[in-house]
Amino acid sequence: MAIALSPDFGYVALVVVLTSFFNIYMSIGVGRARKKYNVSYPTMYAVESENKEAKRFNCVQRGHQNFLETLPLFLAVLILGGLKHPKLAAVLGVVYLVGRYLYFKGYSTGVPENRLKSGIIFHPPVFALIGCTISLAVSLLTAR
């Protein structure tokens, strides 16, 4: 079965590119935190008994790591859901990224609780994108 892409799918492609740049932004943030808090590679997380700034570094690292842990799901439902609902998926993707930015910035303060306020922003778009993907699946399965 062939799927014709709507020209509006270009918006989804742009959100994928934006996601890539956002990941680079967070990677740079972790790199800067490594220098600032004296945490050398390949150390993933600093140990508080060895580094008095460990918690601050670990918060920056966790903010990025949490994004990476959820990235495959986000991209999958963004792209699949965007096949049928490209404009909606693109808007939801941007809202998700704004929430993730706020999450990263909050976590990077060194106070882990500061990340929690933004969860209300980035979780609903993921569920909506899952709904878009279910809509695609139902359309494909009933098109027989």
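Taken over the range 11-37, the criterion of being without any contact (Cβ under 8 Å) to a residue 24 or more places away in the chain and either loosely packed, with under 14 Cβ neighbours inside 10 Å or of a type in the set (A, V, I, L, M, F, W, C) (or both) is satisfied by Ala13, Val17, Ser20, Phe21, Ile24, Tyr25, Ile28, Gly31, Arg32, Lys35, Lys36.
Within the range 104-144, the set of residues being under 24 Å from Ile28 (Cβ atoms) and of a type in the set (S, T, N, Q) comprises Ser108, Thr109, Asn114, Ser118. Residues of the range 112-136 being of a type in the set (A, V, I, L, M) and loosely packed, with under 13 Cβ neighbours inside 10 Å, which ones? Across the range 112-136, the qualifying residues are Leu116, Ile120.
Against the numbered list (1) over 21 Å from Gly99 (Cα atoms); (2) aromatic (Phe, Trp, Tyr); (3) at pLDDT 95 or above, Tyr41 comes up short only at (3). Just one residue in the set Ile130, Ile79, Ile120, Ile134 is under 20 Å from Phe21 (Cα atoms) and over 12 Å from the mean Cα position of the chain (by Cα); that residue is Ile79. Screening Leu71, Leu97, Leu80 for residues that are surrounded by fewer than 19 Cβ atoms within 10 Å (Cβ to Cβ) and either touching a residue at least 60 places away in the same chain (Cβ under 8 Å) or of a type in the set (A, V, I, L, M, F, W, C) (or both) leaves exactly one candidate, Leu71.
The values are calculated or read from the model by the stated rules, or taken from the named source; none is laboratory data. Note that the coordinates shown come from a computational prediction; the quantities given were computed from them, not determined experimentally. Here Cβ is always computed from backbone atoms with ideal geometry, including for glycine, and neighbour counts include all displayed protein chains.
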